[in-house]
Amino acid sequence: MNNERMANFICELRKSKNMTQKQLAEKLNITDKAVSKWERGLGYPDISILSPLAEVLGVTTNELLNGKRSIDLSLEANEIVETTLQYANKLTLNKMRIAKIIISLICFLGIFICMICDIAISGSFTWSLYSTTSISFVWLIIIPVFQFQKNKVCMSLVSLSIFIIPFLFILDKIIGDSKFMLTLGIFVSLISIIYMWGIYFLLSTKKAEKLSMVAISILLAIPVGLLINFVVAKFTNHPIIDVWDILSFGLLGVVSIILFFIANKK
């Protein structure tokens, strides 16, 4: 399968139907960034998208995969391609379901075992409340990756953004005598979430060099880290910066410079 030929073929078919990238994306329920990547040869359509994409563009999946129209296309060959795609799509979905079930069972067993051990040792629920809350929170963050076929990282970040405050609130209630657990946690969490969303949007930029975006993301970790240190220092007696901070920030700076250098060499 020729990547460049397929990219040009998709672009030509789309234009022949007087559709913009956004219009084509809307028909397939995806983003126009994905369509742009296909047409620039930076990626292939997902196997679950091939059949609907071929239908919208008025070609067969076989022609789409070959990147050209076939005059003497064998109907049998096309049916084989269709069947293979459907099977591969179902297989992928089944694997995702199995992975979701396994992860859910592991989390459930982890919670159950912690509770049983806590009751056996302490006679009541004490330390198991921390593990139960933490495991449940992790499950809520991980499960969107297996639940959704598209925008998996985005949905995981949405879940994190929604549940982080309730998670901190529950921990604060469990601890009971914490003076600034919730307040400090909220500030640090908001800063971290904003940073993670910033990285997500940077790496989603379709026209930018990915390696450069990674370098920028690493470089931005320095001011973010300093901001978190400043917030922590306001609530505690810890200094804003220490030797370990200097070393870690210096290492981040060196790594980002190296990545910028590699990106510009390409």
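Test ILE103 against the stated conditions and say whether it is surrounded by fewer than 16 Cβ atoms within 10 Å (Cβ to Cβ) and over 15 Å from ILE170 (Cβ atoms). Explain how you work it out, then say what you get.
Values: surrounded by fewer than 16 Cβ atoms within 10 Å (Cβ to Cβ): no; over 15 Å from ILE170 (Cβ atoms): yes.
For ILE103, the condition - surrounded by fewer than 16 Cβ atoms within 10 Å (Cβ to Cβ) and over 15 Å from ILE170 (Cβ atoms) - is not met.
On inspection, GLU4 fails the criterion of being among the charged types (D, E, K, R) and surrounded by 18 or more Cβ atoms within 10 Å (Cβ to Cβ).
Taking segment 1-56 as the range and being polar (S, T, N, Q) and in contact with a Gly (Cβ under 8 Å, 6 or more places away or on another chain) as the test, the residues that pass are ASN2, ASN3, ASN8.
When PRO52 is tested against (1) under 28 Å from the mean Cα position of the chain (by Cα); (2) modelled with pLDDT under 85, only condition (2) is not met.
The values are calculated or read from the model by the stated rules, or taken from the named source; none is laboratory data. Fair warning: this is a prediction, and the values are worked out from it, not measured in the lab. No Cβ is skipped: glycine too gets one built from the backbone with ideal geometry, and neighbour counts run over all protein chains shown.
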